[in-house]
There are 2 protein chains.
Amino acid sequence: MTALDERALQTSIRDLGVQARAAGRVLRSLPSERKVAALHAIAAGLRERHAEILTANARDVEAAVSSGLPDAMVARLKLDARALETIAADVLAVSRLPDPVGETTPEAMQPSGIRVATRRVPLGVLGVIYESRPNVTVDVAALGVMSGNAVILRGGKETIHSNASLGDVVAAALASVGLPPTAVQVIRDPARERVLELLKLDDLVDAIIPRGGAGLHRFCVENATVPVIVGGIGVVHLYLDHSFTHTAEDVQTAVQIIRNAKVQKPSACNALDTLLIDRAALDSLPVIARDLAAHGVTLRADPDAQAVLDAAGVSAQPAQDADFGTEFLALTASVKVVAGLDEALDFIAAHGNHTDVILSRDPAQIDRFVQDVDSAAVVVNASPRFNDGGQLGLGAEVAISTQKLHARGPMALRELTTTKWVVMGNGQVRG
Amino acid sequence: MTALDERALQTSIRDLGVQARAAGRVLRSLPSERKVAALHAIAAGLRERHAEILTANARDVEAAVSSGLPDAMVARLKLDARALETIAADVLAVSRLPDPVGETTPEAMQPSGIRVATRRVPLGVLGVIYESRPNVTVDVAALGVMSGNAVILRGGKETIHSNASLGDVVAAALASVGLPPTAVQVIRDPARERVLELLKLDDLVDAIIPRGGAGLHRFCVENATVPVIVGGIGVVHLYLDHSFTHTAEDVQTAVQIIRNAKVQKPSACNALDTLLIDRAALDSLPVIARDLAAHGVTLRADPDAQAVLDAAGVSAQPAQDADFGTEFLALTASVKVVAGLDEALDFIAAHGNHTDVILSRDPAQIDRFVQDVDSAAVVVNASPRFNDGGQLGLGAEVAISTQKLHARGPMALRELTTTKWVVMGNGQVRG
C-alpha cells in the first residue's frame with residue numbers, strides 16, 4: 001500500500017485541527033535554532049527519500065496523462081531530481097530568514113503604572129488550500145514551521161500522491177528532531193466536503209490562505225467562517241506618461257519594461273493586463289505594440305489606440321468593455337488612451353488593486369500616482385513583475401495578498417505572525 | 001418629517017458603498033490638519049445641535065419604554081446634555097492622537113536596483129455594526145475620519161432616530177470643512193436584510209467590525225464575504241500561584257485585583273470569568289471568596305474549592321462543566337483548583353483567547369506564563385481590566401479584536417490602516 005492508501009480512512013478534519021492546535025502550542029515557544037534544525041531535516045529528507053517521492057509523483061503524472069490533462073498542466077505537476085533539489089534548496093533558504101517570532105516592542109509605562117509591550121507570536125494554525133504544483137506543499141510547510149505555525153495542507157487532487165509522499169517526508173523529518181509530526185498535516189481525502197469542513201473550523205484554525213484561481217478564492221470567501229487571506233487575483237495597469245517618451249532612450253526603456261511586464265511570465269498575477277497610454281505619448285504606441293506583437297502578444301485596443309495602430313500598420317483587435325478590469329493570465333493585453341494622469345488615476349481607482357505602474361519623468365506626477373493609487377504595490381519606472389516576495393526582499397512568499405486586512409502584497413514569515421499584548425504590573429487595579 | 005423619515009427610501013446599500021468608496025479616495029490623501037479640522041467641526045456640531053439630537057433620542061427612549069425594554073437597556077441608549085458633551089470631548093481626544101497614515105519604512109535597495117518601502121495607508125471603507133449605545137456612532141465616525149477611512153454605520157434599531165440625527169450632524173460637519181459628507185453614512189433602514197447586503201459588499205467594503213454580543217459576531221462571521229474582525233467575546237482567566245500568597249500584603253493585593261477584575265464592570269469583555277487557584281494557595285481562597293461575596297458575586301466552585309469554602313463557611317454553588325470556558329458578563333465567576341502552573345496553562349490553552357492573568361512572585365513562572373499563553377493580552381500581577389485601548393496607551397478604541405489576523409486586542413487608529421508597497425526604479429525589468 002502507498003502512503004495515500006494507508007491513510008484513506010484517516011482521521012476527520014476536526015481531528016486534524018485538534019492535532020494541529022496541540023502541535024502549534026509546541027511550535028510557538030520554540031527557539032529559532034530548533035526551527036532551523038527542523039528545516040534542515042526536511043531538506044535532508046527530500047534528498048534522501050527522492051526515489052519514493054518521484055514514484056508517488058509518477059502515479060500522479062500517469063493519472064493526469066490518462067485523464068487527458070493538457071500538457072502544460074501535466075508539466076506543472078511533474079517532479080524530477082532537479083526539481084526536488086530546488087525544493088530542498090528553497091527550504092534551506094527559508095531557514096536562513098530572520099525569525100520574527102519573539103520580537104518585542106519597547107515597554108511603555110502607562111499612567112496607571114503598568115508597563116505594556118507587544119510581542120510577536122505565530123498565528124497558530126494555518127489552513128492552506130492550493131492547486132497543482134507539489135512544491136507548494138514543501139514551501140508552505142517550511143514557512144509554517146519557521147514562523148512557528150502548524151499547517152494543514154490541501155493540494156489539488158491531481159497531485160494527491162505526491163503531496164501525501166511529501167507530507168510523510170516532512171512529518172518524519174519533524175519527528176527526527178523531536179517535534180510533533182502533526183505540525184504539518186496533508187489532507188489525503190480529495191473530497192470537496194473536506195475543504196468545506198476545513199473552512200468552517202474557526203475554533204481551531206486561525207487563517208485560511210488559498211492559492212489558486214479566482215474560483216478557489218471565491219469558494220473560500222463565500223464558505224469560510226475562518227478568516228481568509230485573499231490574494232493572487234488582480235488587474236495590473238501600467239500608465240505611460242508623455243514625459244517618459246521624449247528621448248529615444250526612454251522610449252526604449254518603456255518598450256523593455258512593458259515587454260517584461262507582459263511577456264516574461266504571462267501566467268503570473270503580477271503580469272501586465274492593461275496599458276494606459278497618455279494621449280500625448282501616442283507616438284510611441286506603434287513601437288511598443290510592434291515589440292509586443294513580435295513576442296506573441298495580442299493587443300485589444302480602444303478606438304483611439306486602434307486608429308494609431310491602424311495608421312502604423314500594426315494589427316490589434318478592438319477592445320470590448322470586458323477587456324478592461326480583466327486579469328488575462330495569457331499573452332493578451334488591453335490598451336486604452338487616457339487624457340493624462342487624472343484619467344489614468346480614475347481608471348485605476350475603478351479597476352486596480354494588485355500592482356500598478358507609472359512610467360514618468362515628472363516628480364510631481366510620480367508623487368501623485370504613489371499617493372493616490374490604492375493597490376498592494378505601486379511601482380515607479382520599473383516592471384510590475386517585482387511585486388514578488390523574493391524581489392521585494394522578503395526571501396520567500398506563501399502567497400500574495402490583495403486584500404487589505406492583516407497583510408498586503410507578498411506574505412513571508414512576518415505575515416504569518418501576529419502580536420499579543422504583555423502587561424506587567426505590581427498590583428495595579430483599574431480605577 | 002424627521003431626518004429618519006426623509007431618508008426612509010434612501011439609496012441602496014450598494015449605493016452607500018459606492019459613495020463611501022469615492023469618499024474614501026478623498027480621505028486617504030488628506031493631510032492630518034484637515035482630518036483634525038473635521039473632528040473639531042464634528043465636536044462643534046454636537047454642541048450646537050444638541051437640542052435636535054436630544055429630541056431624536058427622546059423618540060428612541062419613548063419607543064424603548066413603551067416596548068417594555070428593561071430599564072438597564074433604556075439607560076444605555078439615553079442621551080443627555082452631559083453625555084453629549086462627553087461624546088464631543090472624546091472626538092477632540094481622537095483628534096489629538098498621532099496620525100499613522102503616511103508613515104513610511106526606510107527604503108531598502110534590492111539586488112535588482114529597485115528601492116522598496118512600505119507606506120501606511122487607510123483600509124478604505126469600514127462597515128461597523130453595533131448594538132445600543134448611540135455614542136458608538138460618533139466614536140467610530142471620529143476614528144474612521146482620523147484614520148482616513150470612510151465608514152458605513154449600522155446601529156441597533158433601538159437607537160435608530162438618535163443615530164440618524166448624529167449622522168446628520170457628522171455629515172454636515174464634514175461638508176462644512178469641504179469634505180464629502182458621505183465619508184460617514186448611517187444605514188437608516190432597520191431591516192436585517194440591509195445588514196446582509198453590507199456583509200456581502202466585498203468589492204466595496206474592506207472590513208466589517210461588529211461590536212456587540214456573541215450572536216452578532218457569529219452572524220457576521222457566517223454571512224460575510226467582506227473580511228470580519230471579530231472581537232469582544234472571550235473568557236478571562238486569573239491564575240493565582242501560591243508564591244503570591246506568602247505574605248498578608250500579597251494576599252490583600254490578590255483580593256483587590258480579583259475584586260477589580262470581577263466587580264468593577266462585570267458587563268465588560270475583560271472582566272474575570274474563571275479563577276484558577278493553585279492547590280498550594282487554597283488557604284487564601286476563603287478571604288478572596290468572602291470579599292467577592294460581599295460585592296455581590298456568586299461563585300461556582302469545583303469540588304475541591306467547594307470543600308475548602310464549605311469548611312470556611314463561605315457559600316458557593318457547585319460548578320457545572322459549562323461554567324468553565326464561559327463568559328459570564330455578570331457578577332458570577334467560576335473557581336477551579338489546579339495542581340500548579342502546568343495545569344493552569346493547559347486549561348487556558350483549552351479555554352482562553354481574550355485576557356489571562358497570572359499572580360505570581362516567581363520570575364521563571366511569569367516568563368513561562370507570558371510565553372505560553374496565547375491570548376490577545378497576557379497580564380502579570382495586575383487586573384485584566386487593563387486590556388482596553390485607553391489603558392494600554394492607544395487613546396481610544398473602535399473594538400477589541402480577539403482574532404489573530406490583522407489586529408489583536410484594542411483597535412485604535414493604527415489598526416484601521418494597512419500598508420502598500422512602493423517600488424522606485426529607473427528602468428529595471430525582472431531577469
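Quick grid of which residues meet (1) open to solvent by 10 Å² or more (accessible area, probe 1.4 Å); (2) assigned to a strand (DSSP E or B); (3) in contact with a Phe, Trp or Tyr (Cβ under 7 Å, 6 or more places away or on another chain):
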position	(1), (2), (3)
B:Gly68	yes, no, no
B:Val91	no, no, no
B:Leu97	yes, no, no
B:Ile129	no, yes, no
B:Ser132	no, no, no
B:Gly148	no, no, no
B:Val151	no, yes, no
B:Ile160	yes, no, no
Inside the stretch B:380-389, the number of residues satisfying the requirement of being facing another protein chain (nearest Cβ under 9 Å), under 12 Å from the mean Cα position of the chain (by Cα) and surrounded by fewer than 23 Cβ atoms within 10 Å (Cβ to Cβ) is 1
Criterion violated by B:Arg211 - all others in (1) among the charged types (D, E, K, R); (2) under 20 Å from the mean Cα position of the chain (by Cα); (3) within 14 Å of another protein chain (Cβ to nearest Cβ) satisfied
(3)
Restricting attention to strands (runs of 3 or more DSSP E) lying wholly within the stretch A:330-431, give those where 1 or more residues are charged (D, E, K, R).
A:332-338, A:355-359, A:417-428
Would you mind finding the one in B:Ala293, B:Ala281, B:Ala307 that is in contact with a helix residue (DSSP H, G or I) (Cβ under 8 Å, 6 or more places away or on another chain), outside any strand (DSSP E or B) and over 30 Å from B:Gly215 (Cβ atoms)?
B:Ala281
Could you say which residue among A:Ala141, A:Ala58 is more than 14 Å from chain B (Cβ to nearest Cβ) and over 25 Å from the mean Cα position of the chain (by Cα)?
A:Ala58
Quickly run through the stretch B:367-379 and pick out the residues that are more than 7 Å from every other protein chain (Cβ to nearest Cβ) and open to solvent by less than 20 Å² (accessible area, probe 1.4 Å).
B:Phe369, B:Val373
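Residues are listed down the side, and each one gets a yes or a no for (1) of a type in the set (Lys, Arg); (2) touching a strand residue (DSSP E or B) at 6+ places or on another chain (Cβ under 7 Å); (3) closer than 21 Å to B:Ala407 by Cα:
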| site | (1), (2), (3) |
| --- | --- |
| A:Asp202 | no, no, yes |
| A:Asp206 | no, yes, yes |
| A:Ile209 | no, yes, yes |
| A:Ala214 | no, no, no |
| A:Arg218 | yes, no, no |
| A:Val221 | no, yes, yes |
| A:Ala224 | no, yes, yes |
| A:Val228 | no, yes, yes |
| A:Tyr239 | no, yes, no |
Please state which of the following conditions A:Ala22 fails to meet, knowing it meets all the rest: (1) of a type in the set (A, V, I, L, M, F, W, C); (2) within 28 Å of A:Pro190 (Cβ to Cβ); (3) away from every other protein chain (no Cβ under 14 Å); (4) not in a loop (DSSP other than H, G, I, E, B).
(3)
Looking at the stretch B:156-164, can you tell me whether even one residue there is more than 20 Å from B:Leu69 (Cβ to Cβ) and at pLDDT 95 or above?
no
In the stretch B:266-286, what count of residues is obtained for those that are within 15 Å of B:Gly234 (Cα to Cα) and either within 14 Å of chain A (Cβ to nearest Cβ) or open to solvent by 20 Å² or more (accessible area, probe 1.4 Å) (or both)?
7
Number of the condition not met by B:Asn381 [criteria: (1) on the phi > 0 side of the Ramachandran plot; (2) not assigned by TED's automatic domain parsing to the domain that holds B:Ala268]:
(2)
So which of B:Leu216, B:Leu240, B:Leu204, B:Leu198 is under 27 Å from A:His217 (Cα atoms), within 14 Å of chain A (Cβ to nearest Cβ), open to solvent by less than 50 Å² (accessible area, probe 1.4 Å) and touching a residue at least 40 places away in the same chain (Cβ under 8 Å)?
B:Leu204
Are any of the residues in the stretch B:16-35 open to solvent by 70 Å² or more (accessible area, probe 1.4 Å), farther than 19 Å from B:Val170 by Cβ and touching a residue at least 40 places away in the same chain (Cβ under 8 Å)?
yes
Screening A:Ala350, A:Ala364, A:Ala344 for residues that are open to solvent by 40 Å² or more (accessible area, probe 1.4 Å), more than 13 Å from chain B (Cβ to nearest Cβ) and on the phi < 0 side of the Ramachandran plot leaves only A:Ala364
For the stretch A:396-409, how many residues are over 13 Å from the mean Cα position of the chain (by Cα) and either modelled with pLDDT of 95 or more or more than 7 Å from every other protein chain (Cβ to nearest Cβ) (or both)?
0
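The values are calculated or read from the model by the stated rules, or taken from the named source; none is laboratory data. The shown structure was predicted, so the numbers you read here are calculated from the model rather than taken from an experiment. Don't worry about glycine lacking a Cβ; one is built from the backbone with ideal geometry, like all the others, and counts go over all protein chains shown. For the accessible areas, the whole protein counts, side chains as well, though only heavy atoms, and no ligand, DNA or RNA atoms are used. Shrake-Rupley method; radii C 1.70, N 1.55, O 1.52, S 1.80 Å.
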